[in-house]
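Read through the structure below, which is laid out as structure tokens, and then see the notes.
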Amino acid sequence: MKRREFIAKAGVGSVALASMPLGGGEAAAESTKPQAGHQHEAVNGPLATATVSFGEWSAGLEPALDRFSDLGAPAKPNGHTLIPNETTIKAGGTVNFVIAGFHHVLVYGDGTQPADIDATLTVAPTNQPAPPLINDPANRVYRGLDPSMFPQDRVEVVQFPNPGTYLVVCGVLPHFIDKMWGWVKVNP
Ligand SMILES: [Cu+2]
């Protein structure tokens, strides 16, 4: 079968064609991985997406917290929790991690427990001084932005294509030691 006929029968378009391996073991192995950022299926319903607060600023302090000119300022009192601590979506859906303060989103694969994380593996934040960031790649399915490089208060949207119970931790070492973690349950 000619290459053009094969492509027509397989129903693949120019995008898939462009990603076809040109030969060589490494290229062929790459082609079996899911295509990053290429989901086009509609995902709807109440479990399509969820919001998780990743750290928080308190409205109950005395004197009241005032962050008016906080960009680049020393850290203010900040909560180190994920709210809700457990959230549920369905496969293909997203979790919108709304990050408040100096935090680092790390997501680990189905069944990972906090005790499985090797917190002795760390990387220094790009901009010093700042606490070390956990860098244990085993079973890690997502690593967020280096929080020393970007505005602390930000959003990271993470998509979960596969069912399972995922562990989400803060990679800022003292926060992880302080048990800053939660769970994302992904239904089929
Ligand atoms: Cu944190």
**Complete:** For segment 143-174, the count of residues that are assigned to a strand (DSSP E or B) and of a type outside the set (A, V, I, L, M) equals 8
**Prompt:** From the list Leu106, Leu121, which one is open to solvent by 10 Å² or more (accessible area, probe 1.4 Å) and either within 16 Å of the ligand (Cβ to nearest atom) or over 30 Å from Pro63 (Cβ atoms) (or both)?
**Reply:** Leu121
**Request:** May I ask you to list the residues in segment 175-188 that are open to solvent by less than 10 Å² (accessible area, probe 1.4 Å), within 15 Å of the ligand (Cβ to nearest atom) and assigned to a strand (DSSP E or B)?
**Result:** Gly182
**Prompt:** So which of Lys2, Lys76 ends up being in contact with a Leu (Cβ under 9 Å, 6 or more places away or on another chain) and modelled with pLDDT under 85?
**Reply:** Lys76
**Any chance Ile83 is among the aliphatic types (A, V, I, L, M) and either open to solvent by 60 Å² or more (accessible area, probe 1.4 Å) or under 18 Å from Glu56 (Cβ atoms) (or both)** = yes
**Residue in segment 51-73 that is modelled with the lowest pLDDT, counting only those that are hydroxyl-bearing (Ser, Thr, Tyr) and within 16 Å of the ligand (Cβ to nearest atom)** = Ser58
**Asked** Across segment 141-174, what is the total count of residues that are within 11 Å of the ligand (Cβ to nearest atom), modelled with pLDDT of 95 or more and open to solvent by 20 Å² or more (accessible area, probe 1.4 Å)?
**Response** 2
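The values are calculated or read from the model by the stated rules, or taken from the named source; none is laboratory data. Everything quoted here is computed from the prediction, not taken from an experiment. All Cβ positions, glycine included, derive from the backbone under ideal geometry; neighbour counts span all protein chains shown. Heads up: the accessible areas ignore ligands, DNA and RNA and are worked out on the full protein's heavy atoms, side chains in. Shrake-Rupley method; radii C 1.70, N 1.55, O 1.52, S 1.80 Å.
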